[in-house]
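Notes to accompany the following structure.
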Amino acid sequence: MATSKASKVKLDPARIPAHIAIIMDGNGRWAKRRFFPRVAGHKQGMQNVKTITKAASRLGVKVLTLYAFSTENWKRPGSEVNYLMRLPVDFFNDFMPDLIKENVKVEVMGELDDLPPQTRQASEKAMADTANNTGMILNFALNYGGRDELVHAAQKLAKQVQEGELSPDDIDDRHFANALMTGFLGDLADPDLLIRTSGELRISNFLLWQIAYSELVFVDDYWPDFSPAALEAAIAEYQARDRRFGGLKK
Ligand code: FPP
């Protein structure tokens, strides 16, 4: 069900989802509706990353994972790809003082070696500049694909087997989870809540392993319009769900 109820809701502060992941969709349609070029939607989308980062941090979210660029987004026109690759540079330039003030720790996961040098350097600098922050982790998925991540995890484990460090029979959920790009998040690696904006009802190769038991909330707002009130409404919907993880109702 797609919802966009953004009226004031009452949240249980003890049950704020520890890890929220967001597929930030609808920038292009937001721009088109206003007769703007698509990239204007991405620019507004970047502004909204700041707004939602602050809102999530203040609500007590521990990890916010944002899908900023997929391994499939290279198929877009070169001018749009170039613009999207420039966004992290601008974002970190503008927003670093606020990120430090909010005690937010930046992480960037994906095929970072294939990014343009400027994008990669800006990402690495943001991670280094916030490495000692102890608040919310703002985790960008940049040049990230869920299948690519699974393939690399399998390769990593196969190498460990080949080098005699691991026996195939010992490979379990925990080994696999640790070999994924989210391994560094430990117990927080799996999102409690996955939100997709813009009314599309798809996962689009995002966190395929990690969302096995995530609660999914689809909202109609285009990403640039997704407000802190809409975030709270999505959390309220999450809090109304009964999470059973394959077990029975408590
Ligand atoms: C999907 O909308 C959005 C993207 C592919 C890019 C998301 C990027 C941002 C929101 C900005 C990221 C900011 C930082 C700091 C990295 P779409 O273009 O597919 O929209 P459409 O479906 O309406 O065409």
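The values are calculated or read from the model by the stated rules, or taken from the named source; none is laboratory data. Bear in mind that the values here come from a model prediction, so they are computed numbers and not experimental data. Heads up, the Cβs are rebuilt from the backbone with ideal geometry, glycines too, and the neighbour counts pull from every protein chain shown. Heads up: the accessible areas ignore ligands, DNA and RNA and are worked out on the full protein's heavy atoms, side chains in. Shrake-Rupley method; radii C 1.70, N 1.55, O 1.52, S 1.80 Å.
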For LYS8, the lysines lying under 24 Å Cα to Cα, once residues fewer than eight places off in the same chain are dropped, come out as LYS50, LYS54, LYS62
Descending principal axes extents, region 115-250, alpha-carbon based, whole Å:
51, 48, 30
In Å, the C-alpha Rg and Dmax of region 17-106 are 13.9, 38
Provide the gained length on full extension for the span LEU112 to HIS175, in nm with one decimal, where the gain is 0.36 nm per separating residue minus the Cα-Cα distance.
20.4 nm
At most 13 other Cβ within 10 Å, DSSP loop - chymotrypsin sites (Phe, Trp or Tyr not before Pro), region 149-250
TYR213, PHE245
In nm, give the distance between the simple-model label positions of ALA128 and GLU165, each being 7 Å from the Cα along the Cα-to-Cβ direction.
2.5 nm
Convert 25 °C to kelvin, take the viscosity as 0.890 mPa s, use the Kirkwood radius over C-alpha pairs of region 201-250 as Rh, and evaluate the Stokes-Einstein diffusion coefficient in µm²/s, rounded to a whole number.
191 µm²/s
Just read off the accessible area of LYS54 with the full protein assembly in place, 1.4 Å probe, to the nearest 10 Å².
60 Å²
For the chain, report the convex hull volume of the alpha-carbon atoms normalised per residue, in Å³, without decimals.
142 Å³
Carbon plus sulfur, as percent of the 1.4 Å-probe accessible area of the chain, comes to 52 percent
Chymotrypsin sites (Phe, Trp or Tyr not before Pro) within region 31-121: which are DSSP loop residues with at most 10 other Cβ atoms inside 10 Å?
PHE35
